[in-house]
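These notes concern the structure reproduced below.
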C-alpha cells in the first residue's frame, strides 16, 4: 500500500531526518516543498556551518536571497568591509555561532568608517576568532557564553579590554596562541626596548575573568605560558567557581594542586601533560577535589600507583587513562580491590595493563557505563558475556585487538559454563550505537550474524578480523539486521574525494563522544578559490528514500523547481564551477542564471 508523502506529519519527518548526516538533510530538502519546510528548523539546521572565503562581496549578496534560518556562520581569509558588515547586521538576530579565521578589518578609511557600524548580536552564544582582530566589530554581546581566541601574532591589551566591555555571561574561555604572556616576556627580554615578540597581556585576561567570575565555569589555557604565580592569582579571584581547567603545559606539578586547593569546585581535569611527580600530584588533586567527576590522563608515561587513589573518588563519572601503559597490572589489581568508584559512565582503558579479572570486577561495579574502550586487553568471553548482561546502557563498545574474544562471547553460547554465567548475547545491548571489533581473529561470520542485531547501531567496524569472510551476502545481512547502520568499516581505506558536489564535511575530534555526527559545512568561495568537494556517503539518504520516498514517488506533486528560491544552491547536480540556477520568486517560474562560480555550495 503506497502512501502520499504529504500524509506524513512534520514531527515524523523531523524524527526521520535526525538519522541523516547534515549534508544529506540538505539534499533531502530538494525532494519537495514539505521536506524543505520541515528541515527549515533550528533543530535540523543548527550544526550546519555557512562559510565565506576570499572575495565575498558577490557571495554575500547571493546568500542574502536564501530563506532558511541558518545559525552558524564562518568567515575565512577575508577583509571585513561594508558588504560583510551589512550582511552581519541583516542576520544579527539569526546568528548563534560566529567564527573568523585569518580575517582583517579594512585599513585606514575603511576601518574608521566601520567604527560607527558596531553590531549588537543579542542571540549570539559562541564567538571564535583565529588570527583575527574582531573586537572592534561589536557593541554588545549580552548572551555570548563561549569565547575562543587563537592568535599566533599576539593580542594587544585594548583588544581584550574591548571584548571585556561586551561580555556579561561568559561560561567558557579558551585562549590559545604561540606567544608568551606579558610577565614572561619581561623576564626573557629584560633590557630590550622593543622585543619583536608580542604577548598576551595578563592583566587584561585577569580582568576579563573577574568581570565574568559569577558565570565563568570553563577555562582553557593549555597553549599559553603563564608565570605560576599569575595563574595562582586567578584561582584566588573571589566568587570564581570553575568547573573545569586546562592548565598550561609548562606548569610545574606543585602549582597544580595549589590551584585545585583554591578552586575546590573543579569537577573536570586533564592531567595528561604531567611528566614529573605525577603520582604525588594526582594523589594531592584527589584529596583536594573529592567531588571530581571527569579525569583524563592519556598517554602519560609516569602515572602508576596513584590509580588506587583515583578509584577512591566516589563521584567519578568519566575516566580516561588510555595509552598510560606505565600503570602496572598489580596497581590496577590493588585499586580495584579497594574500589569506591561506582558511578562511571565513560571508561577508556585503551591498551591498559589490567587483567581480565580486574576488568570484570571494575565493570561489574559500574553498571551505568555508556562508553567502554577495552581495546588491547585480554578480555575473556565470560567478561564480555557479563558486559552484555550488566551494561545495558552501553552506547559505544570498543574491543579492538582483544585476542581471546570468540563467537561464544558475542552470542552468549557456551559449551561448558558454570552457574555463575547467564548466557547473554551481544544483542542484549539495546542502546548500542557504535561497535568496534577490529583485529579479533577468533570471531566468525556466523557469530557476527547471530550477535550483531541492533535497532540503533550506526557505526560498525570489523577491520582486520582474520576469521571473517567479508562478502556481499555477509554485509547485506548485517545491514538488514541493523536498520540504522550508516558506517560499516571492514577495510583500511585511504581517504578519497567523493564526487558529490555541494557538500564539504568537517570531521572534528570526537574524543570520547564517538557517536557524535560531524557538522556540515557549506562553503561559499570566490572565483580564485577552488576547494575540493568532499562529501558523506549516500547510504543514509538512500535508505530514507528507499523506505519512504520510493513508495510515494508517483504521488509527489511538488517538484524541486517549485521549492523556495534557495534550494537551487543546496544540492545542484552540476559539478563545481558550473553555473547554478536560482529562483527569483518562490512561486514563479522565472529564473535568473548565476554565472558566478560557486564551489561547494
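Couple of notes before you dig in:
- Filter result (over 17 Å from residue 410 (Cα atoms) and surrounded by fewer than 20 Cβ atoms within 10 Å (Cβ to Cβ)) within segment 470-485: 470, 471, 472, 473, 475, 476, 479, 480, 483, 484
- Boolean, residue 275 is assigned to a helix (DSSP H, G or I) and either touching a helix residue (DSSP H, G or I) at 6+ places or on another chain (Cβ under 7 Å) or surrounded by fewer than 19 Cβ atoms within 10 Å (Cβ to Cβ) (or both): no
- Filtered residue count, segment 209-243, keeping only those that are over 26 Å from the mean Cα position of the chain (by Cα), modelled with pLDDT of 95 or more, crowded, with 17+ Cβ neighbours inside 10 Å and assigned to a helix (DSSP H, G or I): 2
- Residues (in a loop (DSSP other than H, G, I, E, B) and buried (at least 19 other Cβ atoms within 10 Å of the Cβ)) located in segment 250-266: 251, 263, 266
- Tally of residues being surrounded by fewer than 19 Cβ atoms within 10 Å (Cβ to Cβ) and assigned to a helix (DSSP H, G or I) across segment 280-312: 5
- Criterion violated by residue 426 - all others in (1) within 21 Å of residue 370 (Cα to Cα); (2) more than 27 Å from the chain's Cα centre (by Cα); (3) modelled with pLDDT under 95 satisfied: (3)
- Counting only helices (runs of 4 or more DSSP H) wholly contained in segment 8-103, the ones carrying 3 or more residues that are in contact with a helix residue (DSSP H, G or I) (Cβ under 8 Å, 6 or more places away or on another chain) and closer than 28 Å to residue 140 by Cβ occupy 57-63, 82-90.
- Residue pairs whose Cβ atoms lie under 7 Å apart, sitting 6 or more positions apart in sequence or on different chains, and linking a residue in segment 126-138 that is within 16 Å of residue 87 (Cβ to Cβ) to a partner that is in a loop (DSSP other than H, G, I, E, B) and modelled with pLDDT under 90, are 137/118; 138/118.
- Some residue of segment 83-96 being within 25 Å of the chain's Cα centre (by Cα), modelled with pLDDT of 85 or more and more than 26 Å from residue 65 (Cβ to Cβ): no
- Count of residues meeting criterion [on the phi < 0 side of the Ramachandran plot, out of contact with any strand residue (DSSP E or B) (no Cβ under 7 Å at 6 or more places or on another chain) and part of a loop (DSSP other than H, G, I, E, B)] in segment 438-451: 5
- Segment 419-431, subset assigned to a loop (DSSP other than H, G, I, E, B) and in contact with a helix residue (DSSP H, G or I) (Cβ under 9 Å, 6 or more places away or on another chain), residue surrounded by the most Cβ atoms within 10 Å (Cβ to Cβ): 429
- When segment 108-135 is limited to residues that are surrounded by 16 or more Cβ atoms within 10 Å (Cβ to Cβ) and part of a helix (DSSP H, G or I), the one that is modelled with the highest pLDDT turns out to be 135.
- Some residue of segment 451-471 being at pLDDT 95 or above, under 18 Å from the mean Cα position of the chain (by Cα) and under 17 Å from residue 400 (Cα atoms): yes
The values are calculated or read from the model by the stated rules, or taken from the named source; none is laboratory data. Small disclaimer: the values here were computed from a predicted structure and weren't measured. Using ideal geometry, Cβ is built from the backbone for each residue, glycine included, and neighbour counts are taken over all protein chains shown.
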